[in-house]
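Nothing in this text is a laboratory measurement; each read-out follows from the coordinates by a stated rule. The shown structure was predicted, so the numbers you read here are calculated from the model rather than taken from an experiment. All Cβ positions, even for glycine, are placed from backbone atoms using ideal geometry, and neighbour counts span all protein chains on display.
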Amino acid sequence: MSEQEFDVVVIGAGPAGYPAAIRAAQNGLKTACIDDWKNYDGTRAFGGTCLNAGCIPSKALLESSELVHRASTEFAKHGIEVGSVSVDLAKMQARKAGIVKQLTGGIAALLKSNGVTALQGRGRLLGENRVELVDAAGVVQTLRAKSIVIATGSVPIELPIAPFDGERIVDSWGALEFEQVPARLGIIGAGVIGLELGSVWKRLGAEVVMLEALDALLPMADAQISQEAARSFKRQGLDIRLGARLTAAERNGDSVKLRYELGGEEQALDVDKLIVCVGRRPFTSELLADGLELHLDERGFVVVDEHCRTNLPGVWAVGDVVRGPMLAHKGTEEGVMVADLIADKFAEVNYDVIPSVIYTAPEIAWVGKTEAQLSDEGVAYKVGSFSFAANGRAKGMEQTEGFVKLISAVEDDELLGVHIIGPVAGELIAEAVLAMEFSASSEDLQRTVHAHPTLSEALHEAALAADKRAIHAINR
Ligand code: FAD
Ligand code: NAD
């Protein structure tokens, strides 16, 4: 059995692992990155869930389907007559696959150009600075490294009551690959994936029913934003049934028969496809050699400190496999931090300022604390809001739904949270993230010149409104 020596071995080449490997190599460390991703067609690719089956393909389909929706409902308002809009789903899917292929190929090229040894196969932590690699041909080798970074990501949670069959009952990856628009689509879980993929297939013509166990939609978002989102999704025809408890999901020929309890009553629903998206769990299957005492918490996450150190010397863990939000950018920053710490450089992640974005229409984005969190913490705060209905650019774009809500401290005016529902909220939030990273106040935003006419003026006005000085709204 061959043995190779490295300074750093990264297991997993998703958005947490590959940046860790690239930064480690940039720091002059001899680095290998192992990845075991296999596509449905058996091909292998770097980039993990995010590039192959998550962020990137979902956003490609969200964009295409949003264009369909806008062409059908909005173009006429601009005086553009397109007649009836038809969809070539195969072409839409091929565009998505092309984007994924380009980007995953780009990761392979980046690893190579940075001098990272990119290896495809399964990694297993053996202890004593060793990793076993079993490649696609079954060849086994051992890699030795002073530092090992676990970046093995997460996988969908499967409900025993509705196991994935890859055909009618699918996970989020399966739901990105439909070759036909299902006439009746059921979704279990109205979280981020349910709302994004529900939007895609609804816009393409499916009748969508979502069964959500909780009584509240998007409880992690600011309550005003969640309420506005719920109203908007209802208007779009997304049928979200809160407080629904699934009791059975049975294949019945070409459909799935669902039974669920709602308000104490037994209900039934027949769907052609069922997406189960009830969260994801950390992925550490077959990762650890017998007897290796890597600490995992009760939910299977690798236990790490604020610098992503595990309990084993020289072993680090980043991304979805550790605590914190399961977001690509959070994993990336952890990967880069760890690679710098290994090289004895200063590095940290500011976990208080991680943006969240939900790519529905309107888009939803926030950073920092919600009003409810601040109330619970007993922090005195002030709120400024501004509606996109009063924003010239939004009007020109025919995208006036939603608002910006900014929260700052009464004591010193520091920004504590910014919450946006509206057009390109995911882009707009970047200004708030930067402001909060620099501990800016709402006055700092008030005194910053914002180009006119832009959507960003809504953030400017919300900052002004926090001190009852908005120019384009009535200050209450
Ligand atoms: P992963 O991306 O899961 O990568 C882990 C990699 O490690 C995989 O390639 C896996 O095959 C490999 N691996 C695992 N075990 C081994 C082993 N033993 N040996 C070798 N290789 C191994 N997040 C966002 O921020 N924005 C979004 O818009 C967004 N959209 C999403 C949409 C969907 C449908 C889904 C499912 C997720 C989405 N996410 C989004 C979440 C995002 O994809 C994850 O947070 C991110 O991919 C986590 O990165 P990671 O590197 O930790 O893990
Ligand atoms: P999620 O946690 O966002 O939502 C899961 C939902 O399913 C929750 O609302 C939960 O209450 C509900 N649920 C759980 N069990 C249920 C049951 N038995 N019946 C009915 N409902 C049930 O998880 P997700 O949507 O699967 O997404 C997984 C992860 O991927 C998330 O952590 C998210 O951060 C990440 N992601 C991010 C983005 C983005 O950043 N835009 C997009 C997609 C996914």
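See the values below:
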| item | result |
| --- | --- |
| Simple spin-label estimate for S113 and V303 in nanometres, 7 Å along Cα-Cβ | 4.2 |
| Pairwise label distance in nanometres, L89 with D135, each label 7 Å out on the Cα-Cβ vector | 4.0 |
| Potential extension, Y351-L159 segment - 0.36 nm per residue separation minus Cα distance | 66.1 nm |
| Which of R235, R251, R184 has the fewest Cβ neighbours within 10 Å, and the rest in rising order | R235, R251, R184 |
| Ordering of 280-286, 340-346, 76-82, 452-458 by packing [mean C-beta count within 10 Å, highest first] | 452-458, 280-286, 340-346, 76-82 |
| E293, E431 arranged by Cβ crowding within 10 Å, fewest neighbours leading | E293, E431 |
| Global form of the chain, assessed from the alpha-carbon gyration tensor, a/c cut-off 1.5 | oblate |
| Distance from the range 395-459 to the range 67-109 (C-alpha centre basis), Å | 29 |
| Two-site FRET efficiency, E81 against E5, from Cβ-Cβ distance with R₀ of 41 Å, rounded to 0.05 | 0.05 |
| Among P156, A76, A230 the positive-end extreme of the charge dipole of the chain (Cβ point charges) | A76 |
| Computed [θ] at 222 nm, helices only, for the chain once each DSSP H run of length n ≥ 4 contributes -39500 (n - 2.57) | -9000 deg cm²/dmol |
| Gained length - R122 relative to I99, 0.36 nm times residue gap less alpha-carbon distance | 5.7 nm |
| DSSP bridge pairs, the chain: antiparallel proportion in percent, nearest 5 | 60 |
| Using θ = phi - 60° and Karplus 6.51 cos²θ - 1.76 cosθ + 1.60, couplings along the range 346-353 (whole Hz; Gly, Pro as x) | 6, 7, 7, 10, 8, 5, 7, 10 |
| Difference of contour (0.36 nm per residue) and Cα-Cα distance, E437 to K146 | 101.5 nm |
| Tensor-based shape of the range 169-278 (alpha-carbon gyration tensor, a/c under 1.5 rounded, otherwise prolate or oblate) | oblate |
| Pair R323, T454: separation of 7 Å Cα→Cβ label points (nm) | 3.8 |
| Positive dipole terminus of the chain, leading residue within F6, Y351, H452 (C-beta point charges) | H452 |
| The chain, dipole about Cα centre (Lys/Arg Cβ +1, Asp/Glu Cβ -1), debye to the nearest 20 | 1060 |
| Only Lys, Arg (+1) and Asp, Glu (-1) charged, at Cβ; the range 169-278 dipole about Cα centre in debye | 220 |
| DSSP beta bridges in the range 1-143 [antiparallel fraction, %, rounded to 5] | 50 |
| Residue-by-residue Karplus 3J(HN,Hα) for the range 67-84, coefficients 6.51, -1.76, 1.60, Hz, glycine and proline x | 5, 4, 4, 5, 4, 6, 10, 10, 4, 4, 5, 7, x, 9, 9, 10, x, 7 |
| Three-way shape call for the range 1-59 based on the alpha-carbon gyration tensor, with the a/c threshold at 1.5 | oblate |
| Assigned charges on the beta-carbon of Lys, Arg, Asp, Glu; the range 1-103 dipole about Cα centre (debye) | 240 |
| Cα centroid separation, the range 289-338 to the range 208-260 (Å) | 32 |
| Qualifying GluC sites (Glu not before Pro) for the range 127-166 [loop in DSSP, other Cβ within 10 Å: at most 13] | E128 |
| For Q4, distant residues with modelled amide H under 5 Å away | T142, L143, R144 |
